[in-house]
Each structure stands twice: as structure tokens, then as C-alpha cells.
Amino acid sequence: MNQWMILLQKELLEMWRNFKWIWVPITFILLGVQKPLTSYYMEQILDSFGGLPEGAKVVIPTPSAPEVLIQSLGEYSSLGVLIIVLTSMGIIAAERKSGVAAMILVKPVSYLSFITSKWMGALLLIWFSFFMGYLATWYYTGILFDWIPFASFFQSFLLYGLWLTVVITVTLFFSALLLTPGIAAFSSLASVIVISLVSSTLSNRLEWSPAQLTSYANEILIQKGLSDNTLPASLTTAACILILLFLSVYVFRKKELAV
């Protein structure tokens, strides 16, 4: 455990030196406040760009508070996922390519500790950034539209956070499998997109899919409560994360020993 904590501290310190603890939360906060502000000030934004042609009338319906939060969560499912992949694509591949991983593993460091410490470091960064961004969304939505109960906000945060954890773990796996960070990023994005598309297309048959957690989080926000499929989907997500972590350790060890 002491060895694992030292590796985790190294990971957190390295992210601080790379300013990830600054720019990633700021980016998530900007994503979070974008939708409430643009939805509320849409007419003023149109006027600032010259308005509409004379005689034209467009009625822009005011979205409800749950709709604003759901639209904001959609930003995290697209741009947020892209940011996660870009920040995590070289988490193992870059160190292995530069030789840093080999230097660390020469010491009595287990492959499991090496992989899981990196995973936990990325997890802490993304969960903190997502919480700050989503909290900003909830706050500005309450100020400009209406207040969503904090319990609903927090439950939807946990479910979305679980899905983002899957994204992090998928990226970690491809970073352990592939030598080039760019290829790892492409493979991760492609996998996440395929999972999301298949889950949404076959939503009636794949209620337990990790990607369905985003839908169940949206249902909480529109006051439908927790879906009956939330627990199976959460358990499947946890199982997928554990399997991907095991596979990450396995493929990384095989490649390192082969070298």
C-alpha cells in the first residue's frame, strides 16, 4: 500500500506540473456554464449579432431547468469525453515510449500498482473536474431558471461519473495496449462511440449497458426517479471497469516482458 501511495502521489504531482489540475477543471466549468447562459440570454445573443431580418419572428421557447441540465450533461458526453481521452491517452503509452515506465519497473514495483495508481490519478482529476463543472451548471441553472433538488443533482452526478469512469478505463486499456498515444486516443474514442450508439439503438435490449447510465441520470433530473435498470447497469459498469483494469495490467506486463 505504501508503494501504491508513492506512485499515486507521483502521478498527482506530475499532473500538477503539467497544469492539468488547473486547465481541466476550468474547461469543465466553462462547459458547465455554457448551456445555462446561452439558453437564458439567447435573444440578447441574437441581437448582438444583428438580430433577425425585418419582419421575421422566431419564438424561442424557454427551456425548463431539467432540460438545461440534461443539455449540459450532453456536452460532457461529447466534448467532455474528448477532453478525458486527450488528457489520458498518453498515461501509459507516453511513459513507455520515453522509457520512464521501464525505469520505474526496474525497481520492485508491481505492474498492478503501476497501472492502478495511474488509473486512480486520472480518476481523481476527472471526477473533481466534472463535479466542479456540473456544480457550476446546477448553480447557474438555479439562478437563471429554477432550482433542481440537490439530491437529484448528486444522484445524476454519480451516474454520469460512473460512465466517465468507463471512458477513463477504456483509454487506460488502449494506452497500455498501444505504443502511440494518438492511436490509443482514436481507438478509445471509437470504442466509446460504438458502445454509445449500440446502446442507444438497442436501448430496449441493453438496459444494463454502461452507456445507459446517462439516460437514467436524465430520468432523475426530470423527476422520474431511479429506473429499475439503474442497479443492473451500475453493476455491469463496475464489472467492466474491473475487467478492463485486469486486462490493462495483463497486456502491459506481456508487452514489457516481451521487450
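Structure data summary
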quantity: Matching entry among TRP147, TRP163, TRP138 (being closer than 24 Å to GLN34 by Cβ, surrounded by fewer than 21 Cβ atoms within 10 Å (Cβ to Cβ) and not polar (S, T, N, Q)); calculated: TRP147
quantity: Region 24-55 - residue that is aliphatic (A, V, I, L, M) and at pLDDT below 90 and, of those, surrounded by the most Cβ atoms within 10 Å (Cβ to Cβ); calculated: LEU37
quantity: Residue under evaluation ALA217, criteria (1) closer than 28 Å to ALA94 by Cβ; (2) surrounded by 20 or more Cβ atoms within 10 Å (Cβ to Cβ); (3) of a type in the set (A, V, I, L, M, F, W, C), criterion not met; calculated: (1)
quantity: Residues of region 237-247 satisfying the condition of being without any contact (Cβ under 8 Å) to a residue 12 or more places away in the chain and either surrounded by 18 or more Cβ atoms within 10 Å (Cβ to Cβ) or aromatic (Phe, Trp, Tyr) (or both); calculated: PHE246
quantity: Failed criterion for LEU158 (all others in (1) farther than 23 Å from SER187 by Cβ; (2) surrounded by 23 or more Cβ atoms within 10 Å (Cβ to Cβ); (3) out of contact with any Lys or Arg (no Cβ under 8 Å at 6 or more places or on another chain) hold); calculated: (2)
quantity: Subset tally (residues that are touching a residue at least 60 places away in the same chain (Cβ under 8 Å) and either in a helix (DSSP H, G or I) or not polar (S, T, N, Q) (or both)) for region 206-231; calculated: 8
quantity: Exclusive hit being within 14 Å of the chain's Cα centre (by Cα) and closer than 19 Å to LEU37 by Cα, set PHE153, PHE130; calculated: PHE130
quantity: Entirely in region 72-175, the helices (runs of 4 or more DSSP H) that have 2 or more residues that are in contact with a Leu (Cβ under 8 Å, 6 or more places away or on another chain), farther than 21 Å from ASN18 by Cα and among the β-branched types (Val, Ile, Thr); calculated: 111-144
quantity: Single match in SER234, SER203 (criterion: of a type outside the set (Phe, Trp, Tyr) and free of Cβ contacts under 8 Å to residues at least 40 places away in the same chain); calculated: SER203
quantity: ALA101 over 23 Å from the mean Cα position of the chain (by Cα), at negative phi and small (Gly, Ala, Ser); calculated: yes
quantity: Selection status of VAL58, at pLDDT below 85, exposed (fewer than 13 other Cβ atoms within 10 Å of the Cβ) and not in a helix (DSSP H, G or I); calculated: yes
quantity: Among residues of region 84-104, those that are surrounded by 18 or more Cβ atoms within 10 Å (Cβ to Cβ) and of a type in the set (A, V, I, L, M), counted; calculated: 7
quantity: Unmet requirement for VAL194, which otherwise passes all of (1) in a helix (DSSP H, G or I); (2) within 30 Å of SER98 (Cβ to Cβ); (3) of a type in the set (A, V, I, L, M, F, W, C); calculated: (2)
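Residues are listed down the side, and each one gets a yes or a no for (1) among the aliphatic types (A, V, I, L, M); (2) at pLDDT below 90; (3) touching a helix residue (DSSP H, G or I) at 6+ places or on another chain (Cβ under 8 Å):
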{"position": "ILE195", "(1), (2), (3)": "yes, no, yes"}
{"position": "SER209", "(1), (2), (3)": "no, no, yes"}
{"position": "LEU213", "(1), (2), (3)": "yes, no, yes"}
{"position": "LEU226", "(1), (2), (3)": "yes, yes, yes"}
{"position": "LEU231", "(1), (2), (3)": "yes, no, no"}
{"position": "LEU242", "(1), (2), (3)": "yes, no, no"}
{"position": "TYR250", "(1), (2), (3)": "no, no, no"}
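The values are calculated or read from the model by the stated rules, or taken from the named source; none is laboratory data. Treat the numbers as computed from the prediction; the structure is a model and nothing was measured. FYI the Cβ positions are ideal-geometry reconstructions off the backbone, even for glycines, and counts take in every protein chain you see.
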